[in-house]
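Bear in mind these aren't lab numbers, they're just calculated from the coordinates by the rules spelled out. Predicted model only: the values in this text are computed from it and were never measured. Reconstructed Cβ throughout: ideal geometry from the backbone, glycine too, with neighbour counts over all protein chains shown.
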Amino acid sequence: MYIHILSILGAIPLFVVSVYSLSHSCRSIPKLRRYEDRAEKSAEWSNVVEKRLWATRYTVTAGFVTTAISLLASVFYLLSDTHTCKIRAVVAAACLAFMGLRTSEYMRDFWADKHKIPLMDEYNDAVSHTVHVMGLSGVLGMGWGVMAAIKTWELISWHLH
């Protein structure tokens, strides 16, 4: 019983961080898209620009998808009875932990050395939002790791009773 309450209490911050991260992601995407036409024209002349354009798309999409899946999963953990599928709850939380940490690392590999560009305020704002998503993906990964531990504890205690 107490472990189930702990599980619900663990899902609440995951939900809140997911919503917060998704809000940053949703703010960054339209701002980045404003520069996409110019970037595509430049990409016609430069393979480096084309690679950077695609890497930007991939990393922003990875952050959005990871955050959206985390949000849906946290709602599931809050509203459903994960007692009936304990092993799946452990595996799902562990997969979400891996996904969050890997997404954060993937985004950091691309965005770590990107600097803000003078006179491109919307782009710079989008970069700031994306960097927030990058960091929050790592927080979500750690949070889902804690949830996996809670669910493992719940599974073990269930088998002991």
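Observations on the model:
- Cα-centre dipole for the chain with unit charges at Cβ (Lys and Arg positive, Asp and Glu negative), debye to 20: 60
- Count of Lys pairs (Cα-Cα under 20 Å; at least 8 positions apart or interchain) in the chain: 8
- Efficiency of FRET between T152 and V48 - r from beta-carbon atoms, R0 45 angstrom, step 0.05: 0.50
- Of S80, S18, S137, the one that fluctuates the most in a GNM where the chain has Cα springs shorter than 10 Å: S80
- With a Förster radius of 25 Å applied to the beta-carbon distance between V91 and S23, the computed FRET efficiency rounds to 0.30.
- Each Lys and Arg adds +1 at its Cβ and each Asp and Glu adds -1 at its Cβ; summed about the Cα centre, the stretch 92-161 shows a dipole of about 220 debye.
- Angle in degrees between helix 86-111 and the longest Cα principal axis of the chain, rounded to the nearest 10: 20
- Expected 222 nm ellipticity per residue - DSSP helices of 4 or more, -39500 (n - 2.57), all of the chain, to 500: -31000 deg cm²/dmol
- By other beta-carbon atoms within 10 Å, ranking H159, H4, H132, H24 with the fewest at the front produces H159, H4, H132, H24.
- For the chain, alpha-carbon Rg over 2.2 N^0.38 Å: 1.23
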